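Each remark here refers to the structure printed beneath this line.
Derivation of every value follows stated rules applied to the coordinates shown; laboratory data play no part. Just so we're clear, the structure is a prediction, and the values are computed from it rather than from any experiment. Note that each Cβ is placed from the backbone with ideal geometry, even for glycine, and that neighbours are counted across all protein chains shown.
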C-alpha cells in the first residue's frame, strides 16, 4: 500500500506542468464541455416544449372529435396523440434533469477556477448560489 502511494507521488512529480496549471486546464476543459452541453440541452428543451404544446392541442382536438364521432380512426388518433404527449413530457423532464446537472457542473467549475485564482468572493458567491437552488 505504501509502495503504491509512493508510485502515485512519483507520477505526479513527473508531470511537466505545475499542479495548479493542470487543475486549471481540467476545470477549463470541463467547463467548456458543460457550457456546450447546456446550450444543446436548452435548444432541445425549447423544441420539446413547442412539440408538447402542439401535440397537446392535437390531443384535445382528437379526443373531442372521438367523442363526437366515435369511429375507430378517431379513437386511435386520440389515444396515439395522448401517448405521444406523455412521451414528450417524460423526455422533457429527462432533458431538464440533464440541464440541471450541466448547470451545476458549470457552477462547480467556475468555483474551482475561482479557488485556483484565490478569488474568494466569487468562490463564496458560487457556493451560496448553489446551495440556494438545491432542494
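General remarks:
- Global size of segment 20-133 as Cα Rg and Dmax, reported in angstrom: 22.0, 71
- Extended-chain gain in nm, criterion 0.36 nm per residue less alpha-carbon gap, residue 39 and residue 71: 7.1 nm
- Virtual paramagnetic centre 7 Å along Cα→Cβ of residue 50, amide N under 20 Å, in segment 80-115: 84-96, 99
- Translational diffusion of segment 17-66, µm² s⁻¹ [Kirkwood Rh, Cα pairs; Stokes-Einstein; 25 °C; 0.890 mPa s]: 174 µm²/s
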